[in-house]
Amino acid sequence: MPVRREPPKFRLVTVRRKSWTSARLVRVTLGGPEQAGFEVAEPAASVRLLLPSDGPGGELVVPAWNGNEFLLPDGRRPVIRTLTPLAPAGGADDELDVEVVVHDGGAVSTWAVAAEEGAPAAVSGPGRGYMVDTEAPAYLLAGDETALPALGQVQAALPAGLPVQAHVEVADEAAVLPRPGIAWHVRSPGAAPGDALVAAVTEAAAGAVGGTRYWVAGEAAAVQRIRRHLFQELDVPRAHTSIRGYWKHGRTGSPEG
């Protein structure tokens with residue numbers, strides 16, 4: 001088995017505070033001495049969040065890298081999730097914020113709701129983010145609730161005056177936020193996750209100017225449909241796109257699974 005490069009080490013942190021961004025999105029501030037000096041240079045970067053394996057209130061055990069994956073001393077896989085790092089509201093040097101979509105059955109969702117001040121966790125990263133093309137004639141951004149933190153960062157990093165369309169699918173009206181420049185699409189009852197987003201991007205891309213850059217993230221099957229449409233139907237150059245699946249519908253612990 002080929003050996004993979006070891007990810008950045010885990011930095012031990014604790015929960016310092018929580019706040020609700022929406023009825024379905026909770027923001028958790030993590031901090032600690034080991035977090036001091038942590039820098040994120042690009043928007044839409046990522047961090048690995050390590051949680052106690054036995055649920056909220058359990059002991060945090062830092063896993064070891066075996067050349068291919070992280071494993072706990074007893075051989076189990078640890079609870080690790082990938083999230084978008086956000087700058088803390090207070091701007092403290094030793095803090096980092098993450099936002100979590102609240103849903104049934106997810107390990108990180110359960111932890112985010114239940115974790116109290118002082119609860120342990122660990123952070124590894126950051127992973128590479130997105131390089132904004134300041135020479136692009138226009139941008140089209142699209143995502144679901146899981147992509148909101150990253151999409152917001154890309155949106156904020158774009159040059160002033162650049163034509164931008166931003167589309168976000170949410171599960172219900174309670175998840176809509178008062179953020180300017182975003183078209184919100186509430187999923188219809190019984191519709192598959194991503195259906196509304198696919199329709200919105202298909203319509204918006206049909207009228208997009210040549211050279212438009214596309215940043216898309218969300219449910220894996222939905223973004224794959226968008227990818228096929230852009231590449232096969234519209235002949236959009238791959239170099240003009242950043243399309244990532246953040247989760248899979250139906251998988252245990254997914255935002256909608």
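Can you list the HN-Hα couplings for the stretch 187-192, worked out from phi with the Karplus curve (6.51, -1.76, 1.60; θ = phi - 60°), rounded to whole Hz and with x for Gly and Pro?
Values, residue by residue: 5, 6, x, x, 6, 6 Hz.
Taking the stretch 39-84, which GluC sites (Glu not before Pro) meet the DSSP loop condition and have no more than 10 other C-beta atoms within 10 Å?
GLU39, GLU59
What is the distance in Å between the Cα centres of the stretch 184-210 and the stretch 68-119?
Each part reduced to its Cα centre gives a spacing of 29 Å.
Using the Karplus equation 6.51 cos²θ - 1.76 cosθ + 1.60 (θ = phi - 60°), what ³J(HN,Hα) coupling, rounded to whole Hz, does each residue of the stretch 224-239 give in order, writing x for Gly and Pro?
5, 5, 5, 4, 4, 5, 5, 7, 8, 8, 10, 6, 5, x, 4, 5
Work out the charge dipole of the stretch 140-257 with +1 on the Cβ of Lys and Arg and -1 on the Cβ of Asp and Glu about the Cα centre, then indicate which of PRO178, LEU158, PRO237 is farthest towards its positive end.
Ranked along the dipole, the leading option is PRO237.
Give me the distance in nm between label points sitting 7 Å out from Cα along the Cα-to-Cβ direction at ARG4 and ALA221, one decimal.
Here the modelled spin labels are 2.5 nm apart.
Applying the Karplus parametrisation 6.51 cos²θ - 1.76 cosθ + 1.60 with θ = phi - 60° to the phi angles of the stretch 162-177, what ³J(HN,Hα) value in whole Hz is obtained for each residue in order, glycine and proline being reported as x?
6, x, 9, 10, 10, 10, 10, 9, 10, 6, 7, 4, 5, 8, 6, 10
Taking H placed 1.01 Å from N in the peptide plane, check which residues at least 5 places from ARG244 or on another chain put their amide H under 5 Å from its amide H.
Under 5 Å from the amide H of ARG244: VAL216, ALA217, GLY218.
Can you send over the carbon and sulfur percentage of the accessible area for the chain, probe radius 1.4 Å, protein chains only?
50
Hey, if you put +1 on the Cβ of every Lys and Arg and -1 on every Asp and Glu Cβ in the chain, which of ALA206, GLN35, LEU86 ends up farthest toward the positive end of that dipole?
Comparing the listed Cα positions along the dipole, ALA206 ranks first.
For the chain, report the accessible area per residue in Å² (1.4 Å probe, heavy atoms, rounded to an integer).
Spelled out: the 1.4 Å probe surface of the chain, per residue, equals 49 Å².
Could you list which residues have their amide H under 5 Å from that of ALA138, counting only those 5 or more apart in sequence or on another chain, with H placed in the peptide plane?
Hits under the 5 Å cutoff: ARG213.
Would you mind checking the tilt of helix 148-157 against the longest principal axis of the Cα atoms of the chain, expressed as 0 to 90 degrees and rounded to 10?
Once rounded, one gets 60 degrees.
The values are calculated or read from the model by the stated rules, or taken from the named source; none is laboratory data. From a predicted model like this one, the values you see are computed outputs, not experimental measurements. Glycine also receives a Cβ, built like all others from the backbone with ideal geometry; neighbour counts cover every protein chain displayed. With ligands, DNA and RNA removed, areas are computed over all heavy atoms of the protein, side chains included. Shrake-Rupley method; radii C 1.70, N 1.55, O 1.52, S 1.80 Å.
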